[in-house]
């Protein structure tokens, strides 16, 4: 008993720095930011409280509203695109093809790149005067158009394209590991029953990959909230507000526009959004675990 | 062994003392700037060379990108570790720092150097707060320039500079017909706002411009001026190429250098790019003030001197302020940077044709301040948003957009 308590004590002491970091750095700064969002701070923190004035200003801003809509479109398409493409790549690699490890490396490679690099590469490729459009036109197809980054309606999809190109490799690796973990017996049994290959993947393999894909999806979703660098590198939020995202809005107001109050209001809304999105999910998980425990 | 150790330690301590004493003697400054492109770095070097010649120690902390440097500077200030000097524009951004008591005044240097006599009154007013001088002006940039490639103009058969917007658009049509991109457009919000301002000045004149930006005047005349400006701006959309969105200003200048494009609207820092490419003003490229414009929009750079609490830095700040305002440094700096000297009593003969045109307008007082001088950073951002939304939104409804313009001041 006393040994156990001792061990607990030393564990507690060992964890102290982490607790300190979590409470002071994480929660402390968060509370500080939220406090600032109720003040009229501009360049420096001020303590003149203005109530919800910054929030009403925030939601009157067309740029902020556009950024919320953009991050939603981008997030849904990016996560879905990565999951679908990643799974397809994993299934293709699983077919015992030649040079599998070479392909695996190639597909995973984009993920090793920073979003800034990815953004710049795609910006050049999709730029109508430099990239694909210009090269195809120089080959003779004069009416060819591929101007996604400069086209107001398509720019957000250009971001999705670049994002999926980068993120699909990660999903592929996780899915492939999951597929390899599935017993070979199931394959044999399905084969004997004469089930077509695509059906095996969809009805037998895919359901068993649930946890792996959920983990991959979670990783990608966390990236969506912070989306900043790829936008700065590819479109800088343009044309107009077409690819403005909340993180960029906050950074712009924090530094460029010296508007601390508005920036922290935006950050608070973002945190609230994440909590609202994650809370039901966590609650469901919690309930499921309890149900399991009861059974 | 022990004594050896003691001796060694004593030696180290002594050496440290000497080093400290030496550093104390020399005015040392850490300067933070965003001047990193070829021309800019060369200009900063002019100041550095003279500063070191007069016994100063110079530590460079330059960061590429105006916004990035500003962000780093703010972080350093908040962290209580301010650099000795920061390059920044003269305007309301600096006023915030001054009003928080974060900058050192350089009043005695200004008094000793008779800055009040050497500088145009408007500039002297802008660098003073509550009667004390705080900022050391390095140079002014004209922002009403239209640069054009003589080769492209030749191809299109344009013999002389257009005098009115009608002639200007006729020339753009000729450029288009000759297979040249008429306007090398820099599709970033800040660049678009500069074009908006130079057109606005050509439409409402100097008094009208000041009324709008300084007095926030919403009278019918002001609204009408903004409307006419937006019409001209909207018309320009038809003369840019598909790759304009997001283009850097120096990439746009490169299109003129290679004669792929006809004209570019830009501040006179674009001259630096022409110079680096070995092009001569008046021979390879021309510079004209925007059509119908009676004056020039200007922006002014300066050095800011944050309080650091170190005596050596305080001394260095005074020395640096002296160096920056030295007449020869002002001219040399302007030549490298492509700007116009701030002092009106310098030797003008060395300046190129474009800078002389600019200096003429400046000494005649035919200048209006850039938005960064008269608007807060929030308002500048709102103005950028407004112009960008109109430009890239493709709306031709100039009348209703003009009504919305005045919301940026709120």
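Only the coordinates and a few stated rules stand behind these numbers; no lab work does. From a predicted model like this one, the values you see are computed outputs, not experimental measurements. As a convention, Cβ positions derive from the backbone with ideal geometry for all residues, glycine included, and neighbour counts pool all protein chains shown.
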Exercise. Between residue A:281 and residue A:30, what length in nm is gained on full extension when 0.36 nm per residue of separation is reduced by their alpha carbon distance?
Worked result: 88.1 nm
For this session: Run the numbers on chain A and let me know its relative contact order in percent, using alpha-carbon pairs under 8 Å that are six or more apart.
Result: 29
Exercise. Relative to the longest principal Cα axis of chain B, at what angle does helix B:377-393 sit, 0 to 90 degrees, rounded to 10?
Worked result: 30
For this session: Quick one: order A:287, A:251, B:342 by neighbouring beta-carbon count within 10 Å, fewest to most.
Result: A:287, A:251, B:342
Exercise. Quick one: A:260, B:102, A:9, fewest Cβ neighbours within 10 Å first, how do they rank?
Worked result: A:9, B:102, A:260
Seminar exercise, completed: The relative contact order of the stretch B:283-391, taking Cα pairs under 8 Å that sit 6 or more residues apart, comes to a percentage of 32
Exercise. By how many degrees, between 0 and 90 and to the nearest 10, does the Cα long axis of helix B:311-324 differ from the longest principal axis of chain B?
Worked result: 40
Exercise. Using the eigenvalues of the Cα gyration tensor, what equivalent ellipsoid semi-axes result for chain A when each is taken as the square root of five times the eigenvalue, whole Å, largest first?
Worked result: 38, 35, 17
Seminar exercise, completed: If each part is reduced to its alpha-carbon centroid, the stretch A:38-83 and the stretch B:195-211 end up apart, in Å, by 33
Exercise. Between residue A:137 and residue A:222, what FRET efficiency follows from the Cβ-Cβ distance if R0 is 41 Å, with the result rounded to 0.05?
Worked result: 0.55
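Expressed in nm to one decimal, what extension gain is obtained for the pair residue B:345 and residue B:117 from 0.36 nm per residue of sequence separation less their Cα-Cα distance?
81.2 nm
DSSP beta bridges in chain B, what fraction antiparallel, as a percent rounded to 5?
60
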Problem set entry | Over the protein assembly as shown: helical MRE at 222 nm, DSSP H runs n ≥ 4 each giving -39500 (n - 2.57), nearest 500 | -18500 deg cm²/dmol
For this session: Express the C-alpha Rg of the stretch A:136-295 as a ratio against the empirical globular expectation 2.2 N^0.38 Å, rounded to two decimals.
Result: 1.48
Problem set entry | DSSP bridge orientation in the protein assembly as shown - percent antiparallel, rounded to nearest 5 | 65
Seminar exercise, completed: Footprinting proxy, B:350, B:194: sorted fewest to most Cβ within 10 Å, the residues are B:350, B:194
For this session: Using only Cα atoms, locate the centre of the stretch B:71-92 and the centre of the stretch B:332-380, then give the distance between them in Å, rounded to an integer.
Result: 24
For this session: With label points built 7 Å along Cα→Cβ from the Cα atoms of residue A:109 and residue B:60, find their separation and express it in nm.
Result: 3.6
For this session: Take the alpha carbon atoms of the stretch A:131-178, find their center, do the same for the stretch B:274-304, and report the distance between the two centers in whole angstrom.
Result: 39
Exercise. Looking only at other chains, what is the average number of their beta-carbon atoms within 10 angstrom of each beta-carbon in B:102-110?
Worked result: 0
Seminar exercise, completed: Taking every C-alpha to C-alpha distance in the protein assembly as shown and binning by 10 Å from 0, the per-bin percentages run 3, 12, 19, 22, 18, 12, 8, 4, 1, 0
